[in-house]
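This report refers to the structure that appears directly beneath it.
Nothing in this text is a laboratory measurement; each read-out follows from the coordinates by a stated rule. Because the structure is predicted, anything quoted here is derived from the model rather than measured. Methodologically, a virtual Cβ is constructed for each residue, glycine included, from the backbone with ideal geometry; neighbour enumeration extends over all protein chains shown.
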Amino acid sequence: MTKLNYWNETWSLDEVQCPCDLDFVAYLNEKGAKDAAIFHFGTGNHHVVGLRMAENGSNSAVLGITASPQEYDDYIDLLITNPRLGFTYKVLFGDIYQLDPRLLPEFEYVSLFHVGEFRTPENDAYGALTDLEMTLVLADKLRPGGEILFYTGSFAYDKATAVAQELVKQRPFDPVGRYKSLQIFRKRAH
């Protein structure tokens with residue numbers, strides 16, 4: 001019987017080793033993102049993106065996804081103790097490589113900091129999307145002017161770079177530079 005490829009660990013906030021979530025929040029704050037719809041791949045047990053966006057007065061909404069049961073349990077605990085958080089921060093538990101575009105809204109920002117880190121042959125056993133296919137699903141859900149961000153410090157950044165190159169070839173995206181540890185690609189207006 002095939003089982004879901006999930007991560008039986010959790011990720012605590014470690015600004016030195018992995019500053020991407022904090023850099024993302026700083027980027028959004030610096031841009032003055034307001035009322036934005038944000039997709040975030042890999043919540044960590046710290047849930048800092050969802051929490052900070054809920055606290056900063058931006059009225060932005062974050063849809064996160066985690067394949068870690070522990071991180072999902074931590075989200076449930078956060079929601080139980082802070083029910084107002086549920087208005088702007090939702091977390092899905094599951095394999096990001098099973099995203100169905102019919103179930104996704106449009107976004108202004110998509111963080112794909114962990115592209116290439118978790119996709120294994122185990123995902124193939126149940127027909128999961130590839131890194132590129134998953135990225136294209138989310139790219140198609142970005143509004144014109146929206147941005148996809150990759151983490152340059154990822155141990156799989158070479159895979160993310162290859163995905164980003166294909167993104168630019170297959171969809172109307174342009175690389176628009178870096179912000180701290182993040183590489184940014186913007187969807188062109190029609």
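Arrange the following residues from fewest to most other Cβ atoms within 10 Å of their Cβ: Asp131, Asp100, Asp140.
Numbers: Asp131 23, Asp100 8, Asp140 12.
Taking fewest neighbouring Cβ atoms as first place, the list is Asp100, Asp140, Asp131.
What size of dipole, in debye to the nearest 20, comes out for segment 98-190 about its Cα centre when the only charges are +1 on Lys and Arg C-beta atoms and -1 on Asp and Glu C-beta atoms?
Details: 12 positive and 13 negative charges, 88 e Å.
Taking the Cα centre of segment 98-190 as origin, the dipole is about 420 debye.
Estimated from helices alone, the mean residue ellipticity of the chain at 222 nm is -9500 deg cm²/dmol (sum of -39500 (n - 2.57) over DSSP H runs with n ≥ 4, per residue). Of the chymotrypsin sites (Phe, Trp or Tyr not before Pro) found in segment 80-172, the ones in coil according to DSSP and having at most 11 other Cβ atoms within 10 Å of their Cβ are Phe155.
Taking the Cα centre as origin and putting +1 on Lys and Arg beta-carbons and -1 on Asp and Glu beta-carbons, what dipole magnitude results for the chain, to the nearest 20 debye? Numbers along the way, then the final one.
Working: 18 positive and 26 negative charges, 154 e Å.
Here the chain has a charge dipole of around 740 debye.
Taking the inverse of the mean reciprocal distance over all distinct Cα pairs, the Kirkwood hydrodynamic radius of segment 22-187 comes to 16.1 Å. Here's how it looks for Val110: its modeled amide H is under 5 Å from those of Phe39, Glu147, Ile148, Leu149, which are all 5 or more places away or on a different chain. When the pairs Lys34/Lys141; Lys159/Lys187; Lys3/Lys141 are compared against a 26 Å limit on Cα-Cα distance, Lys3/Lys141 fall above it. Within segment 23-52, the trypsin sites (Lys or Arg not before Pro) that combine a DSSP coil assignment with at most 15 other C-beta atoms in a 10 angstrom radius are Lys34. Considering only Ala125, Ala37, Ala164, the Gaussian network model of the chain with Cα springs below 10 Å gives its largest mean-square fluctuation to Ala125. Of all the options Lys159, Lys90, Lys169, the one that moves most in a Gaussian network model of the chain with Cα springs shorter than 10 angstrom is Lys169.
Sorted fewest first by neighbouring Cβ atoms within 10 angstrom, Glu117, Glu122, Glu108 come out as Glu122, Glu117, Glu108.
Since only Leu51, Gly94, Leu132 are under comparison, the one whose Cα sits farthest along the positive direction of the charge dipole of the chain, derived from C-beta charges on Lys, Arg, Asp and Glu, is Leu132. Taking Gly94, Gly145, Gly116 as the candidate residues, the one with maximal mean-square fluctuation in a Gaussian network model of the chain, Cα springs under 10 Å, is Gly145. Full extension of the chain between Arg84 and Arg171 gives 27.6 nm of extra length, using 0.36 nm per residue less the Cα-Cα distance.
Considering only DSSP beta bridges with both partners in the chain, what is the antiparallel share in %, to the nearest 5?
Numbers: 11 of 28 bridges.
Once the DSSP bridges in the chain are tallied, antiparallel ones form about 40 percent.
Couplings 3J(HN,Hα) for segment 176-185, derived from phi with the Karplus relation 6.51 cos²θ - 1.76 cosθ + 1.60 (θ = phi - 60°), are 10, x, 10, 9, 6, 8, 10, 9, 10, 10 Hz, where x marks Gly and Pro.
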